[in-house]
Amino acid sequence: MNFGTETARLAMECNIKALDASINIQSASGLMLPDPVAMAVALEPDIVIRQGKYFVDVETTSQFTRGATVVDELGVMRKTSNMNVKGMKS
């Protein structure tokens, strides 16, 4: 791993801004990273070893999981994928 790359510098700058926002806006004691995996995939798509098209929703009413992304990998909700991304493999 090389921390001197342009990508590494971008990641560090993003995290510095995120830390500043976490402390000053959310009064958090540290960096709030809701989805570092998404950032990793956006920067290096080749790291993905398994993917698919699923129904995805965001929980908005639960007391414990508000804001959580729910991915129906097992098809329990019997809904088709609500994802439309060019180049996505089934």
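The values are calculated or read from the model by the stated rules, or taken from the named source; none is laboratory data. All values reported here derive from a predicted model rather than from experimental measurement. All Cβ positions, even for glycine, are placed from backbone atoms using ideal geometry, and neighbour counts span all protein chains on display.
Quick one: how many residues across region 61-86 are among the basic types (Lys, Arg) and at pLDDT below 80?
We begin by selecting, within region 61-86, every residue among the basic types (Lys, Arg); these are 66, 78-79, 86.
Now narrow it down to the ones that are at pLDDT below 80: 66, 86.
Final tally of qualifying residues: 2.
The rows are residues; the columns are (1) out of contact with any Leu (no Cβ under 9 Å at 6 or more places or on another chain); (2) within 27 Å of residue 66 (Cβ to Cβ).
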residue: 4; (1), (2): yes, no
residue: 10; (1), (2): no, no
residue: 25; (1), (2): yes, yes
residue: 30; (1), (2): no, yes
residue: 38; (1), (2): yes, yes
residue: 41; (1), (2): yes, yes
residue: 46; (1), (2): yes, no
residue: 49; (1), (2): yes, no
Item checked: Residue selected from region 10-55 under the condition among the small types (Gly, Ala, Ser), touching a residue at least 12 places away in the same chain (Cβ under 8 Å) and farther than 30 Å from residue 76 by Cα, by the criterion surrounded by the most Cβ atoms within 10 Å (Cβ to Cβ) -> 11
Item checked: Residue list for region 56-82, filter: surrounded by 10 or more Cβ atoms within 10 Å (Cβ to Cβ), closer than 17 Å to residue 35 by Cα and among the small types (Gly, Ala, Ser) -> 68
Next item on the list: Select from region 34-70 the residues that are assigned to a loop (DSSP other than H, G, I, E, B) and either within 11 Å of the chain's Cα centre (by Cα) or among the β-branched types (Val, Ile, Thr) (or both) and list them in ascending order.
Entry: 34, 35, 48, 49, 60, 61, 65, 68
